[in-house]
Amino acid sequence: MSTMPPPFAVPRTLETSSPLHAPAPHESGLKHASGEALYVDDLPSPPGTLVGHIIASPHAHARLVRHDAARARALPGVHAVLFAEDIPGENDIGPVIHDEPLLAEGEVHCVGQAVALVLAESAALCREAARRVELEYEVLPALLSIREAVAANAFLSEPHTIRRGEPEAALATAPVRIEGECMTGAQDHFYLETQAALAVLEEDGALRIWSSTQHPSEVQAKVAEVMGLGRHQVVVEVPRMGGGFGGKETQAAPFAALAALGATRTRRPVKVWLNRDQDMVQTGKRHPFWTRFEAGFSEDGHLLGLKAELISDGGWSNDLSRAILDRALFHMDNAYFLPNVQVTGRVARTNFASNTAFRGFGGPQGMYVVEEVLNRGAERLGLDPAELRRRNFYREAPAHRTHYEQPVEGNRLPRIHAELMASSEYTRRRAEIDQFNASSRWTKRGIGYQPVKFGISFTTSFLNQAGALAVIYADGSVQLNHGGTEMGQGLHTKMRAVCAHELGVSIDRVRVMNTATDKVPNTSATAASSGSDLNGQAVKAACETLRERLRPIAARLLQVERGEAEGLAFASGQVFYPARPQRSVSFAEVTQAAYLAQCRC
């Protein structure tokens, strides 16, 4: 025990000493800036690593009549060419609905669909081998737009309808009615690091996989299913990602599974990496939507009734399309109270790569519809668009419930709107813009305004869980594992700060390890704007448990009654009583004592 030696000084408040209240650089910031940060493709390849190259369909829809890889397999340095029949387990990587084979069987359904995997000693040799694989196709008709899919009655889901009030009656009696349609297009994630996976077969037949994924537990599950293994025989580790934006939530799994298949068949490590062209062709995008709507307004601009049908382009298989459609329907209201509404959604099946999660997860597509309705309504009524929006905001009861009956609580939108209108000088600027546009034939100006209400977390409630494993060493340093993945957003930095705050140590005494399924199992994807909230609470709970175990040890070192341990403060690397700060013991001394006492607390 020591008596408050310099440089330790009791903080004015415990909060001022906490890393939670101090700015911190990204834990990999310097590595990013210097180019030293390692991504999956940068990891040192184990001796004997083979390159896995995907042979992809050149057709949007075709029957696979015949394949022959004899000439390719005869090339020196080519170790295998694998097809669907070489998969030992389930030929499926669909995350929810099992409708997406890892390697095509019988038919191909989009350009870029994986047909075969070449395993060779170099990328150049893989490409040469791929050219020697004989594939015979019978080209079939393809559906290449939402409208074509609707005309062909090709859907991946049944209609989902959310309804409130009497929209038909409201539309029939509305003084002002509009109807129309709108579309939103596809969008590529364009993460800087393309899809990549490295698989190593271990001595007991288990697999260790390094994957650029937002969802290591799902990669683990799909690899286990494809290989016919238990999940305990597959470990997935994520060093970091060079961006994700939803594109690596489900769609990292097939590339990890192909690497695992190759490693198991050849008994050599296998790396599968896509170049930019391959990545853009073989992966899904943000869902395009086609929407038809009818809306009725009062003469003063209140939206009395709305009916809308949203149809998304799911691509050729489900992926997460149903959940994304639901999220679009939930966000159809955006920030506005809809007293009489019916929104119906359905997922169309087209011959494109399966579309997938993208930042917003369908929410932006749903919001766009009501914003388009309000814009057209403002134009029809001759009202300022911002004023029309204000008149339709959620307010106090009864105009506070969404169309799916969730109350909007703590609504600050009317106040925020008033402050923004004043601080932006919207009225003055709008008048100046209107004056300029009236006098300028070719050049026009504009000003935009749109509120946003966005729901976070997973709609499927059991996914809103997380785990963490914190390890304290005898010198008081901490190793932290949690289930979230780092893709540049700074999640690891936040988790270090939470851990350091709870244990009362400096942030540089906490090291966050790569996310791995053998440390924290059964995790949810780092998605749904929930990574910090879920994993932060898990880290907090783990560190609270450790801190409570250390309290009796610290009380003994400070020579105080065991019952007084609850009053001990952990801050600035010391343990002390705030009321008697002259006596303290370092966190390292406490952990050393706990180790020597075999943590008999």
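No lab work stands behind these numbers, since they all come straight from the coordinates. Every value quoted in this text rests on a predicted model; they were computed, and no experiment measured them. Note that we place each Cβ from the backbone using ideal geometry, even for glycine, and neighbour counts take in every protein chain shown.
Treating the beta-carbon of each Lys and Arg as +1 and of each Asp and Glu as -1, no other charges, what is the dipole magnitude of the chain about its Cα centre, to the nearest 20 debye?
Using Cβ point charges on Lys, Arg, Asp and Glu, the chain gives about 1280 debye.
If you place +1 on the Cβ of every Lys and Arg and -1 on the Cβ of every Asp and Glu, how big does the dipole about the Cα centre of the range 413-452 come out, in debye to the nearest 20?
Roughly 160 debye for the range 413-452.
Can you compute 3J(HN,Hα) from phi for each residue in the range 428-436, using the Karplus curve 6.51 cos²θ - 1.76 cosθ + 1.60 with θ = phi - 60°, rounded to whole Hz and x for Gly and Pro?
Running phi through 6.51 cos²θ - 1.76 cosθ + 1.60 with θ = phi - 60° gives 5, 5, 5, 5, 5, 5, 4, 5, 5 Hz.
Treating only the Cβ atoms of Lys and Arg (+1) and Asp and Glu (-1) as charged, compute the dipole magnitude of the range 220-266 about its Cα centre; round to the nearest 20 debye.
Charge dipole of the range 220-266: 60 debye, to the nearest 20.
Report the convex hull volume per residue for the range 63-125, counting only C-alpha atoms, in Å³.
Each residue corresponds to 114 Å³ of Cα convex hull volume.
If you take the charge dipole of the range 413-452 about its Cα centre, with +1 on Lys and Arg Cβ and -1 on Asp and Glu Cβ, which of Ile447, Thr427, Asn437 is farthest toward its positive end?
Value: Asn437.
Given the rule -39500 (n - 2.57) for each run of at least 4 DSSP H residues, summed and divided by the residues of the chain, what is its mean residue ellipticity at 222 nm, to the nearest 500 deg cm²/dmol?
-9000 deg cm²/dmol
May I ask you to derive the FRET efficiency for Val176 and Ala399 from their Cβ-Cβ distance with R0 = 22 Å, giving the value to the nearest 0.05?
Taking R0 as 22 Å, the efficiency between Val176 and Ala399 is 0.65.
Enter the Cα centre distance for the pair the range 561-601 and the range 364-409, rounded to the nearest angstrom.
After rounding, the separation between the Cα centres reads 56 Å.
Wrap a convex hull around the Cα atoms of the chain, take a quarter of its surface area, and give that in square nanometres.
35.0
List every residue whose amide H lies under 5 Å from the amide H of Gly483, counting only residues 5 or more places away in sequence or on a different chain, with H placed 1.01 Å from N in the peptide plane.
Amide H to amide H, under 5 Å and 5 or more residues apart or across chains, Gly483 pairs with Gly467.
So for the chain, taking the charge dipole from beta-carbon charges (+1 Lys/Arg, -1 Asp/Glu), which of Ile311, Leu64, Ala397 sits furthest toward the positive end?
Positive-end residue among those listed: Ala397.
Within the set Lys285/Lys444; Lys248/Lys271; Lys248/Lys307; Lys271/Lys494, which residue pairs have Cα atoms separated by over 24 Å?
Table pairs above 24 Å Cα-Cα are Lys285/Lys444; Lys248/Lys307; Lys271/Lys494.
Select from Leu125, Gly35, Leu171 the residue farthest towards the positive end of the dipole of the chain; place +1 on Cβ of Lys and Arg, -1 on Cβ of Asp and Glu, and compute about the Cα centre.
Highest projection toward the positive end goes to Gly35.
Setting aside same-chain residues fewer than 8 positions from Lys519, which aspartates and glutamates have a Cα under 12 Å from its Cα?
Within the straight-line limit of under 12 Å, Lys519 reaches these aspartates and glutamates: Glu237.
At a threshold of 8 angstrom on Cα-Cα distance, excluding pairs fewer than six apart, so keeping six or more, what relative contact order does the range 442-573 reach in percent?
About 29 percent, as a whole number.
What number comes out for the charge environment of Ser57, summing +1 per Lys or Arg and -1 per Asp or Glu over other residues with Cβ under 13 Å away?
Neighbourhood net charge equals -3.
Calculate how many DSSP beta bridges within the chain are antiparallel, expressed in % of all such bridges and rounded to the nearest 5.
Antiparallel: roughly 80 percent of the beta bridges in the chain.
In terms of modelled amide H atoms, which long-range or inter-chain residues lie less than 5 Å from the amide H of Lys285?
Answer set, sorted by chain and number: Asn355, Thr356.
Which aspartates and glutamates, if any, have their Cα less than 14 Å from the Cα of Lys453, not counting same-chain residues under 8 positions apart?
Within reach: Asp333, Glu371, Glu409.
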